[in-house]
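J.: Here's a structure for you.
Derivation of every value follows stated rules applied to the coordinates shown; laboratory data play no part. Note that the coordinates shown come from a computational prediction; the quantities given were computed from them, not determined experimentally. Neighbour counts run over all protein chains shown; Cβ positions are idealised from the backbone, glycine included.
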Amino acid sequence: MSQTTLETISIHAALSVRLAEVRRRIAQSSERAGRSPDEVRLIAVSKVHGAAFIDEAIRAGARDLGENRVQEASEKRELLKNTSGVRWHLIGHLQANKARRAVQTFDYIHSLDSDALAARLDRLCKEEKRRALSVLIQVDLGGEATKTGAHEGELRAIVHTVRQSENLRLAGLMTLPPFFDDAARARPFFRRLRELRDELRAQNLFAEKDEHGFGDGELSMGMTQDYAVAIEEGATIVRVGTAIFGVRPKTN
Ligand SMILES: *Cc1c(COP(=O)(O)O)cnc(C)c1O
């Protein structure tokens, strides 16, 4: 057996073990919170990693991939175009000039953060003949410490624009709290996002679940450091990179 084959096998084995471990912890946290583990979806955050490595993760069972850069994701998706049944999620800030490529590349956008971006995405969906693009509004609950996402005060207007649009479906909310060494300190941020979701849901402002089960007020929150806490606070989507793929190489 060649060296390459052996390496491929051990990469596959390592990814399978880590995915299983993350799923086990998801189940454990769900049970602790009195929730069904089926309510929590795992996004494997594959940003920075190469297509071959991601391909192994798909073979090991990853079905939802999270990326934070449009161009990078677009190139990787092209390389992995023969893998079916995989959904690509944009979880990083979306610049207006990358919006068209984002519409062409992603199945879900978690980082909708302005009214203007919502209007632009709607128009681009029309031009690209994309009938229903599911979006989550990213809410900035961390103030100065995070500075990514829409402020709570802007949420209503964005919801309104998405609801008025022809091609966008409002699937849920997303947040990225400031980093804390002690994950429990992220809890108030997760709780606040859930309250905002509950208010919108009480007014029937979310789209129904789509064919993949996404919609109806998803809460996209929690990463390697704090996903257990996020699940206790109601997360329906966790975005986990490091615990699956290992520490990311530094990029600049
Ligand atoms: C990178 C990233 C993640 C995953 O982070 P890990 O700590 O590697 O699990 C989750 N969400 C967003 C928005 C990210 O940019």
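J.: Ranked by Cβ crowding within 10 angstrom, fewest neighbours first, how are S10, S30, S46 ordered?
T.: S10, S30, S46
J.: Assuming R0 = 41 Å, what is the FRET efficiency of Q164 and Q28, from their Cβ-Cβ distance, to the nearest 0.05?
T.: 0.50
J.: Still on this structure, please answer the following. Calculate the FRET efficiency for A116 and L205 from the Cβ-Cβ distance with a Förster distance of 30 Å, rounded to the nearest 0.05.
T.: That pair, A116 with L205, gives E of 0.95.
J.: Another question, then. Express the Stokes-Einstein translational diffusion coefficient of the chain in µm² s⁻¹, to the nearest whole number, given a Kirkwood radius over alpha-carbon pairs, 4 °C and a viscosity of 1.567 mPa s.
T.: Calculated translational D: 70 µm²/s.
J.: Hey, another quick one. Over 16 Å, how big is the tail of the calculated P(r) for region 129-173, in percent of all Cα pairs? Walk me through the intermediate numbers first.
T.: Details: 408 of 990 pairs.
Here the tail beyond 16 Å accounts for 41 percent of pairs.
J.: Once you put a point 7 Å from the Cα of A157 and another 7 Å from the Cα of Q95, both along the Cβ direction, what distance in nm separates them?
T.: Label-label distance for A157 and Q95, simple model: 2.3 nm.
J.: Then there is this: If the viscosity is 0.692 mPa s and the temperature 37 °C, what translational diffusion coefficient in µm²/s does Stokes-Einstein give for region 1-144 when Rh comes from Kirkwood over Cα pairs?
T.: After rounding, the answer is 194 µm²/s.
J.: List L79, L141 from most exposed to least, where exposure is judged by having the fewest other Cβ atoms within 10 Å.
T.: Ranking L79, L141 by Cβ neighbours within 10 Å, fewest first, gives L79, L141.
J.: I've got another one for you. How charged is the neighbourhood of A183? Take every other residue with its Cβ under 12 Å from the Cβ of A183, and add Lys/Arg as +1 and Asp/Glu as -1.
T.: Every neighbour counted, the sum reads -3.
J.: Using 0.36 nm per residue of separation minus the Cα-Cα distance, give me the extension gain between V17 and R131 in nm, one decimal.
T.: So the chain would gain 37.3 nm between V17 and R131.
J.: Tell me, what is the percent relative contact order of region 23-148, built from C-alpha pairs under 8 Å that lie six or more residues apart?
T.: Computed value for region 23-148: 17 percent relative contact order.
J.: In region 128-216, if every C-alpha pair distance is counted and binned at 5 Å from zero, what percent goes to each bin?
T.: Distribution as computed: 3, 13, 23, 23, 17, 12, 7, 2, 1, 0 percent.
J.: Taking the Cβ of Q104 as the centre, find all other residues whose Cβ is under 13 Å away and add up their charges (Lys, Arg: +1; Asp, Glu: -1).
T.: Local charge sum for Q104: +2.
J.: For a quick check: sort E233, E75, E67 by the number of other beta carbons within 10 angstrom, fewest at the front. All intermediate terms of the calculation are to be shown ahead of the outcome.
T.: On the way: E233 20, E75 13, E67 25.
Sorted ascending by nearby Cβ count, the order is E75, E233, E67.
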